[in-house]
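Here the structure is laid out as structure tokens; the discussion comes afterwards.
The values are calculated or read from the model by the stated rules, or taken from the named source; none is laboratory data. All figures in this text were calculated on a predicted structure; none of them were measured in a lab. Note that each Cβ is placed from the backbone with ideal geometry, even for glycine, and that neighbours are counted across all protein chains shown. Ligands, DNA and RNA are stripped out before the accessible areas are found, and what is left, the full protein with its side chains, is counted by its heavy atoms. Shrake-Rupley method; radii C 1.70, N 1.55, O 1.52, S 1.80 Å.
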Amino acid sequence: MLRVGIYGVGHLGKFHLNNWKEIPGVELVGFFDPHDDTAKEVSEKYQLVRFLDADSLMDACDAIDVVTPTNTHFDVCANAIKKGKHVFVEKPLAHTMQEARQLVQLTKESGVKLQVGHVERFNPAFLAVKDTQLKPMFIEVHRLAQFNPRGTEVSVILDLMIHDIDIILSIVKSDVKSISASGVAVMTETPDIANVRIEFHNGCVANLTSSRISMKKMRKMRLFQKDAYIGIDFLTKKTEIIKLKEPNDSNVFSFDIETGTGVKTIAVANPLVPEVNAIKEELLAFKNAIEQNTRTVVNERDGLAAMDVAHQILDKIGNNIIRD
Ligand code: NAD
């Protein structure tokens, strides 16, 4: 049995709690949340023990799940790692780069497993194309959300765009060459909308737009590569691959195009999207990594790499602020 304690049972923490309950081989020891009303609701509704002291819960667990506001991640995680506890922490890994680097160092020294909740890696739409040869040369991303005060303790870059940064870094096997960015703070003190262009050393260019003040939701990534167009809709959980038809492509919709130098046949495929719950999958993957002593799917260095790009973006936006 893996003994797990949850820190923070607000909006997302409750989803985590429900998913942990469904994973065999897990004993949910209890939770810690300083907010009395939330804690009362959770202990009554889920019959889960509320610990009034953060340390006592850690001492009673093998692993903790940190679903607290981003600016508290460092303190909770550092304490747990020093106690030799495995840590699942919601994205982003931490608030500042210094905190993130320190967490990476502490994890290395203690040898515990750490996984960052970049849940889109487990999104069924992404899983459906993950094994396709992804070699994009151009990536276009839109992640738009309606305004919600939750999460606004950090900018839209660390709140939303970081999901796409992590996915892109997992696909593009090349270092970042340059970043240009523009962003505007509309409803909060930090950027609420941003557009970013990331150029990689291998020539790939990613163009990302994120907004948390949109009227409608959208989470789309489009990958363009020499032999294919791949569309991933993280929201509706649909995928589409359009490419030149190959002889072994059966059961795909296809049509001919006259190019001027001959006819090319285009194939349109919708890869099978697995019916999985992304949060449950990521928590299960964390448990498996602990039990099998393997790398976590999104480890502390992945979390740091995404934060590094996010902070470079924030620096660029800071430099680009138009002053009256
Ligand atoms: P929330 O405000 O609804 O909940 C946070 C809870 O943590 C609150 O109940 C609060 O009382 C509690 N808390 C505060 N400090 C604490 C501490 N030191 N120890 C224990 N509990 C503490 O926020 P949320 O929307 O659930 O977000 C929590 C985290 O999850 C954030 O880091 C956010 O970035 C992340 N998140 C990730 C996704 C995703 O798609 N992966 C989606 C939403 C939120």
Matching residues, region 119-169, being surrounded by fewer than 20 Cβ atoms within 10 Å (Cβ to Cβ), among the acidic types (Asp, Glu) and within 13 Å of the ligand (Cβ to nearest atom): Glu153
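Conditions tested, residue by residue: (1) touching a Leu at 6+ places or on another chain (Cβ under 9 Å); (2) not in a helix (DSSP H, G or I).
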residue: Gly231; (1), (2): yes, yes
residue: Glu246; (1), (2): no, yes
residue: Ser250; (1), (2): no, yes
residue: Phe255; (1), (2): no, yes
residue: Thr261; (1), (2): no, yes
residue: Glu281; (1), (2): yes, no
residue: Ala305; (1), (2): yes, no
residue: Leu314; (1), (2): yes, no
Test for Ile290: is it in contact with a strand residue (DSSP E or B) (Cβ under 9 Å, 6 or more places away or on another chain) and open to solvent by 70 Å² or more (accessible area, probe 1.4 Å): no
Tally of residues being at pLDDT 95 or above and either within 14 Å of Leu144 (Cβ to Cβ) or out of contact with any Leu (no Cβ under 8 Å at 6 or more places or on another chain) (or both) across region 217-229: 7
Positions within region 11-41 being more than 9 Å from the ligand (Cβ to nearest atom) and assigned to a loop (DSSP other than H, G, I, E, B), in sequence order: Glu22, Ile23, Pro24, Gly25
Filter result (within 10 Å of the ligand (Cβ to nearest atom) and touching a Ser or Thr at 6+ places or on another chain (Cβ under 8 Å)) within region 67-99: Val76, Glu90, Pro92, Ala94, His95
Selection status of Val112, more than 16 Å from the ligand (Cβ to nearest atom) and touching a helix residue (DSSP H, G or I) at 6+ places or on another chain (Cβ under 6 Å): yes
Residue match in region 24-36 (condition: among the aliphatic types (A, V, I, L, M), open to solvent by 30 Å² or more (accessible area, probe 1.4 Å), over 21 Å from Ile290 (Cβ atoms) and touching a strand residue (DSSP E or B) at 6+ places or on another chain (Cβ under 8 Å)): no
